[in-house]
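Engineer: The structure's right below; bear with me while I get my questions together.
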Amino acid sequence: MTLQRPRPRLEPPVVIPPRKSAMETSFPHLLRLHATRRPSDAALREKAYGIWQTWNWQQVDQDVRHLAWGLDALGFAPDDNLAIVGDNRPYLYMGFLAAQSLRGVPVPMYQDAIAAEMVFVLQDAHIRYVFAENQEQVDKLLEARALLEADPAAEPGLLAHIVYDDPRGLRHYDQPGLISMAALIALGREQAAARPALLDERLSQIQTEDTSVILYTSGTTGKPKGVCQTHASFIASARGGIEVDGLDSHDNVISYLPAAWVGDHLFSVAQWLVAGFTINCCESTATTAIDLREIGPTYYFAPPRVFEGLLTSVSIRMEDASAAKRWLYRRAMDVARRHGADLLDGKPVPLGARLSYALGSLLVYGPLRNVLGFSRIRVAYTAGAAIGPDLFRFYRSIGINLKQLYGQTETCAYVCIQRNGRVKLHTVGEAAPGIELRIADSGEVLVKGVSVLKGYYQRPDATAEVLDAEGYFHTGDAGVIDSDGHLRIIDRAKDVGRLTGGAIFAPNYIENKLKFFPQIKEAVCFGHERENVCAFVNIDFEAVGNWAERQGLPYSGYVDLASKPQVLDLIADCVRQVNADLAAEEGMAATQIARFLVLHKELDPDDDELTRTRKVRRKFVADKYAVLIDALYGGLGEQFIETQVKFEDGRSGSVSATLPIRDAQRHAA
């Protein structure tokens with residue numbers, strides 16, 4: 001059977017309808033509503049041992065209630081916080097609802113954080129109860145508990161109860177406070193018999209303005225802050241997106257992004273409970289691509305780095321393909337670049353171009369969408385960081401209705417949304433339903449409306465810094481609103497600078513152009529108060545390694561590969577093409593990259609160079625690699641550096657190398 005690719009729905013702007021009943025006050029209310037109205041419909045799926053397991057709404061509601069009763073038996077009380085750490089797992093998502101059902105607050109944490117990083121959030125949020133996925137997370141939590149117990153200034157009683165989902169490897173663990181998820185559910189059944197009216201009483205007490213979740217910021221400039229968002233803010237944000245795109249209970253979503261990220265909470269918790277669609281938890285991060293193809297989601301969400309990675313995999317496949325297939329791919333993509341986006345938006349396209357595109361869809365775009373797992377996608381979103389226009393254009397040109405969503409943790413990731421038929425490559429869309437936008441005199445984007453945070457957890461001082469007297473949230477982003485009401489983000493306001501010649505320097509814009517090339521995984525540009533722009537580049541080890549093997553170029557590892565003259569030539573060609581694009585853009589010619597180097601190691605969250613959401617900590621990187629920046633601007637041809645690194649098991653080490661520095665080819669404006 002051939003699947004017909006759904007066409008994007010063209011819809012007018014919508015207004016969020018008022019809350020219809022008391023049953024929509026909170027997320028636990030919404031869960032009860034689905035369990036009552038459609039108890040046998042699929043709510044959650046998880047792939048375990050290669051087989052998809054399904055929970056219907058009635059089963060989810062029943063498990064959530066037993067988890068809540070179990071927590072109550074352990075002493076969990078209203079206003080207590082429940083930390084949740086692990087990959088996307090049904091019982092961890094149910095943990096959000098179990099805590100909320102008791103008028104407590106879930107606090108998701110990044111699963112790849114090391115124990116020492118966890119300590120800050122555990123202390124800041126006064127965490128006594130944790131839901132953990134498996135042995136890896138339990139080991140880190142026990143290490144964190146030991147660190148807290150050894151700190152005389154730490155609050156006593158933190159991490160008193162650790163509930164784990166996957167029991168593998170934990171049979172002989174007998175530390176106090178450890179209990180399995182299965183044992184907690186059994187305890188909950190006993191507590192249900194002792195206090196049968198408890199949950200209904202708590203449900204009746206939940207207010208729409210109660211804090212529903214505390215999400216910690218990524219901490220690009222300092223310690224993370226806990227963002228308190230209410231049931232009302234996330235429900236309104238979810239409803240606005242659902243109505244713009246016509247989402248409903250028949251949609252399928254893959255859940256694989258960190259639960260601590262605001263984007264996952266919007267799509268996999270808030271919209272799940274408002275729309276009632278099915279979320280599907282991947283078996284592991286390694287099987288995400290396979291799971292995508294098996295489920296065939298109709299609705300998809302990912303940060304730009306995921307779309308960059310998918311494009312890299314496509315490029316690697318095409319490089320290994322036969323000459324005939326490479327020729328066909330290039331010809332088809334030429335047609336797609338010229339006409340694909342217009343066809344997706346329903347704009348007029350000549351008949352000949354339509355026929356060429358239809359042939360390309362049959363031979364190239366359709367199979368490509370299928371390989372990516374996007375054959376049934378009706379709408380896909382990207383958010384969390386700026387996406388390069390070239391990357392954005394690629395996906396839309398092959399018929400994937402990729403759109404941008406703009407927002408922050410403090411705004412439920414819901415400020416601007418791109419509507420079907422009104423997508424612009426260089427903007428993030430119009431103000432979402434229920435949102436007001438304003439550009440301050442300084443150029444900063446200000447936001448007011450349904451999604452704005454209640455406040456930072458126990459930080460009224462920090463709250464006052466970002467919320468003004470009129471209720472506008474100061475985003476920290478520099479932007480402009482065009483004549484059609486679309487917002488264009490220039491960069492983070494603090495990152496936008498000027499070259500000594502007066503040209504505006506927006507590093508993120510240049511970096512995104514570099515990262516469009518599959519050979520480049522990350523880039524960091526410098527130029528503020530400098531004569532010209534210089535750049536650090538991280539190669540994509542898989543893509544460049546594949547290229548090196550086809551060239552017959554031997555290498556022993558990342559450091560060796562990154563320093564090869566042939567690899568530097570490859571990156572130099574990418575930089576040359578970026579400079580050509582910049583030279584052709586009004587006002588950007590002066591920001592062409594003058595010199596660059598390829599770093600000897602990947603920038604890594606464990607080394608504090610990136611946040612857990614993979615955003616560059618610019619000041620930290622600039623300070624750590626100051627000797628390299630001096631070499632770039634000092635005209636040197638190479639520079640030795642030794643760098644301290646942290647390994648996944650907590651050990652430390654060092655990596656050293658002499659890095660060649662290249663001059664880049666620049667173009668006349």
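All of the numbers you see were taken from the coordinates with simple rules; none came from a lab. This is a predicted model, so every value here is computed, not measured. Cβ atoms come from the backbone with ideal geometry, glycine included; neighbour counts cover every protein chain shown.
Engineer: Of the beta bridges DSSP finds with both residues in the chain, what % are antiparallel, to the nearest 5? Mind dumping the intermediate values first?
Structural biologist: Numbers: 52 of 88 bridges.
Given both bridge residues lie in the chain, the antiparallel proportion sits at roughly 60 percent.
Engineer: Here's another thing I want to ask about it. Say R0 is 45 Å: what FRET efficiency, to the nearest 0.05, do GLU542 and THR36 get from their beta-carbon distance?
Structural biologist: So the FRET efficiency works out to roughly 0.40.
Engineer: If you don't mind, another one. Specify the inter-centroid distance of segment 603-651 and segment 53-130, based on alpha-carbon positions, in whole Å.
Structural biologist: Between the Cα centres of segment 603-651 and segment 53-130 lies a distance of 35 Å.
Engineer: Could the peptides 466-472, 37-43 be put in order, highest first, of the mean number of other beta-carbon atoms found within 10 Å of their residues?
Structural biologist: 37-43, 466-472
Engineer: Checking the a/c ratio against 1.5 first, then a/b against b/c, what shape does the Cα gyration tensor give for segment 419-508?
Structural biologist: Verdict is oblate for segment 419-508.
Engineer: Among ILE504, ILE279, ILE242, which comes first, then next, by fewest other beta-carbon atoms within 10 Å?
Structural biologist: Values: ILE504 17, ILE279 26, ILE242 21.
With the sparsest Cβ surroundings first, the list reads ILE504, ILE242, ILE279.
Engineer: While we're looking at this one, here's another question. Over the chain, what is the mean sequence separation of C-alpha contacts under 8 Å (at least six apart), divided by residue count, expressed as relative contact order in percent?
Structural biologist: For the chain, the relative contact order is 11 percent.
Engineer: What is the calculated FRET efficiency for TYR633 to ALA469, with r their C-beta to C-beta distance and R₀ = 45 Å, to the nearest 0.05?
Structural biologist: Efficiency at R0 = 45 Å is approximately 0.55.
Engineer: Based only on other Cβ atoms within 10 Å, what is the fewest-to-most ordering of PHE277, PHE96?
Structural biologist: PHE277, PHE96
Engineer: If you don't mind, another one. When a/c reaches 1.5 or more, the comparison of a/b and b/c decides; with that in mind, is the chain rounded, prolate or oblate per its Cα gyration tensor?
Structural biologist: prolate
Engineer: So how strong a dipole does the chain carry about its Cα centre when Lys and Arg Cβ are +1 and Asp and Glu Cβ are -1, to the nearest 20 debye?
Structural biologist: Computed about the Cα centre, the dipole is about 2280 debye.
Engineer: Multiply the residue gap between LYS494 and GLU585 by 0.36 nm, knock off their C-alpha separation, and tell me the result in nm, one decimal place.
Structural biologist: Working: separation 91, 0.36 × 91 = 32.76 nm, distance 2.31 nm.
Going from the current span to full extension adds 30.5 nm.
Engineer: Between LEU147 and ALA186, what's the calculated FRET efficiency when r is the beta-carbon distance and R0 is 22 Å? Round to 0.05.
Structural biologist: In this case the efficiency is close to 0.10.
Engineer: Additional query: If you stretched the chain out fully between ALA286 and GLU155, how much longer would it get, using 0.36 nm times the residue separation minus the C-alpha to C-alpha distance?
Structural biologist: 43.3 nm
Engineer: To check you understand DSSP bridge types, tell me what percent of the beta bridges within segment 497-663 (both residues inside) are antiparallel, rounded to 5.
Structural biologist: Looking only at bridges with both residues in segment 497-663, the antiparallel portion is about 80 percent.
Engineer: Next up: Among 415-421, 206-212, how do they line up by average Cβ neighbours within 10 Å per residue, starting with the highest?
Structural biologist: Descending packing order for the listed peptides: 415-421, 206-212.
Engineer: Oh, and also: Distance in nm between label sites at GLU531 and SER204, each 7 Å beyond Cα in the beta-carbon direction?
Structural biologist: 7.7 nm
Engineer: What is the list of residues in segment 33-61 whose amide nitrogen lies under 17 Å from a point 7 angstrom out from the Cα of GLU294, following Cα to Cβ?
Structural biologist: Correct set: 43-55.
Engineer: In terms of the Cα gyration tensor, with a ≥ b ≥ c the square roots of its eigenvalues, is segment 33-162 rounded because a/c is under 1.5, prolate because a/b exceeds b/c, or oblate? All intermediate terms of the calculation are to be shown ahead of the outcome.
Structural biologist: Details: a/c = 2.98, a/b = 1.65, b/c = 1.80.
It is oblate, given that a/c is not under 1.5 and a/b is not larger than b/c.
Engineer: In nm, to one decimal, how far is the GLN458 label point from the ARG195 one, both placed 7 Å along Cα→Cβ?
Structural biologist: Once both label points are built, they end up 2.4 nm from each other.
Engineer: Here's a follow-up. Once you place label points 7 Å from the Cα toward the Cβ at GLU436 and LYS223, how far apart are they in nm?
Structural biologist: Using points 7 Å along Cα→Cβ, the separation is 3.4 nm.
Engineer: A further question follows. Give me the lysines in straight-line cross-link reach of LYS223: C-alpha distance below 22 Å, same-chain residues under 8 apart excluded.
Structural biologist: Within the straight-line limit of under 22 Å, LYS223 reaches these lysines: LYS140, LYS454, LYS494, LYS615, LYS619, LYS624, LYS646.
Engineer: Any chance you could run the full-extension gain for TRP327 through GLN644? It's 0.36 nm times the residue separation minus the Cα-Cα distance, nm to one decimal. Walk me through the numbers on the way to the answer.
Structural biologist: Working: separation 317, 0.36 × 317 = 114.12 nm, distance 4.53 nm.
Extra length from TRP327 to GLN644 when fully extended: 109.6 nm.
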